[in-house]
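Worksheet for the structure shown next.
The values are calculated or read from the model by the stated rules, or taken from the named source; none is laboratory data. All figures in this text were calculated on a predicted structure; none of them were measured in a lab. Reconstructed Cβ throughout: ideal geometry from the backbone, glycine too, with neighbour counts over all protein chains shown. Surface areas here come from the heavy atoms of the whole protein model, side chains and all, with no ligands, DNA or RNA. Shrake-Rupley method; radii C 1.70, N 1.55, O 1.52, S 1.80 Å.
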Amino acid sequence: MSPQNKKIPVPSAILQGFSTNCPSRQKTSGLTVLIPIRGLNRNKNLSVIVPYLLAQNIEPLEILIVEEDRAPTIKLGTLSKNSNVHLVFLKSNEPFNKSRAMNAGTAHARYNKICMIDVDMIIERGFLFKISSLLDTYDVCFTIKDIYFLTEIPLSSNYFHDGKNWKNNVKFDCHGGIVAYNRIAFTRIGGMNEEFIGHGSEDTEFYERAKATLRYYDTRFATVLHIPHPRDLEHAPKNDQKYRSLKEEPIQKTIARLKLNFGKNWGTIKPIK
């Protein structure tokens, strides 16, 4: 292990914010946690992050896992016994399209408030209640402030990170990872752009479109733990090129095209009563 990747314990003061012990729940209008996913190796990630979701002090809560792949690989195991956890499978022989998985999940969501969380993110206790409260006022929320990059998938209390804390060492914001939104406002701007393939730039493009047209919250407060995984950057250069070309297009023109495509693929989304 290189000196740059030396294992450093996550500070105990930080870990105090993370717990799978469920506090007393607070009633809300309901929230769907949307997890887009591909790959057999992500089953371990799910087994780690879902208990932190189920322990959030909010009800009602839906956890909607959207897998896009050639064939189903996700095995929920004991999680399938929980009535709050659901799985949607999208068959695809193409490279992973996270935007497509998010749009499909939004169409299938049980509630109007949605929080997309990547399968490599562990969230703090009480985070979802804060998100639900913010979505009473805002259409979309971007909240990640600090990320502690873990050196391996955590087991029990095995939380070590590589010493990289975004607040101290990285001078840019994370626009993806966790994005919360009202499903009607999300579709009003065309949802996620399915023209992006794989990973890279799709979150930044959505961020700029949302900030230009929606009531947005962009005060960063959340700390997350990041589970390590292989990076698939094969499509990043083309995505960056796509992003740069879209910056030359008027946002309203982009939105009109994406709204049309969203309707063709996922139908008309109406408020859930």
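Could you tell me how many of the residues in segment 135-159 are under 13 Å from ILE122 (Cβ atoms), β-branched (Val, Ile, Thr) and assigned to a loop (DSSP other than H, G, I, E, B)? Counting residues in segment 135-159 that are under 13 Å from ILE122 (Cβ atoms), β-branched (Val, Ile, Thr) and assigned to a loop (DSSP other than H, G, I, E, B) gives 1. One residue alone among SER29, SER47, SER24 is under 17 Å from ALA109 (Cβ atoms) and of a type in the set (Ser, Thr, Tyr), and that residue is SER29. Listed conditions (1) part of a helix (DSSP H, G or I); (2) open to solvent by less than 10 Å² (accessible area, probe 1.4 Å) are all met by LYS130, apart from (2). Could you look through segment 204-251, keep only residues that are touching a strand residue (DSSP E or B) at 6+ places or on another chain (Cβ under 9 Å) and part of a helix (DSSP H, G or I), and pick out the one that is most open to solvent (accessible area, probe 1.4 Å)? The residue in question is LYS238.
Against the numbered list (1) under 23 Å from LEU90 (Cα atoms); (2) modelled with pLDDT under 95, LEU61 comes up short only at (2). Considering only residues in segment 7-62 that are in contact with a Cys (Cβ under 9 Å, 6 or more places away or on another chain) and of a type in the set (A, V, I, L, M, F, W, C), the one that is farthest from ILE117 (Cα to Cα) turns out to be ALA55. The set of residues in segment 10-54 that are part of a loop (DSSP other than H, G, I, E, B) and within 21 Å of PHE89 (Cα to Cα) comprises ARG38, GLY39.
Yes or no, residue by residue, for (1) at pLDDT below 85; (2) in contact with a Cys (Cβ under 9 Å, 6 or more places away or on another chain); (3) charged (D, E, K, R); (4) on the phi < 0 side of the Ramachandran plot:
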position	(1), (2), (3), (4)
ILE178	no, yes, no, yes
ARG188	no, no, yes, yes
HIS199	yes, no, no, yes
THR213	no, no, no, yes
GLN241	no, no, no, yes
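The residues in segment 33-58 that are open to solvent by 10 Å² or more (accessible area, probe 1.4 Å), touching a Ser or Thr at 6+ places or on another chain (Cβ under 7 Å) and closer than 16 Å to ILE131 by Cα can be counted, and the count is 2.
For the structure I just gave you, tell me whether GLU194 is open to solvent by 40 Å² or more (accessible area, probe 1.4 Å) and outside any helix (DSSP H, G or I). So GLU194 fits the description; yes. When each of GLU62, GLU67 is tested for being touching a residue at least 24 places away in the same chain (Cβ under 8 Å), crowded, with 16+ Cβ neighbours inside 10 Å and more than 24 Å from PRO228 (Cα to Cα), the lone residue that passes is GLU62. On the basis of being modelled with pLDDT of 90 or more and more than 26 Å from ASN41 (Cβ to Cβ), does GLU208 make the cut? For GLU208, the condition - modelled with pLDDT of 90 or more and more than 26 Å from ASN41 (Cβ to Cβ) - is met.
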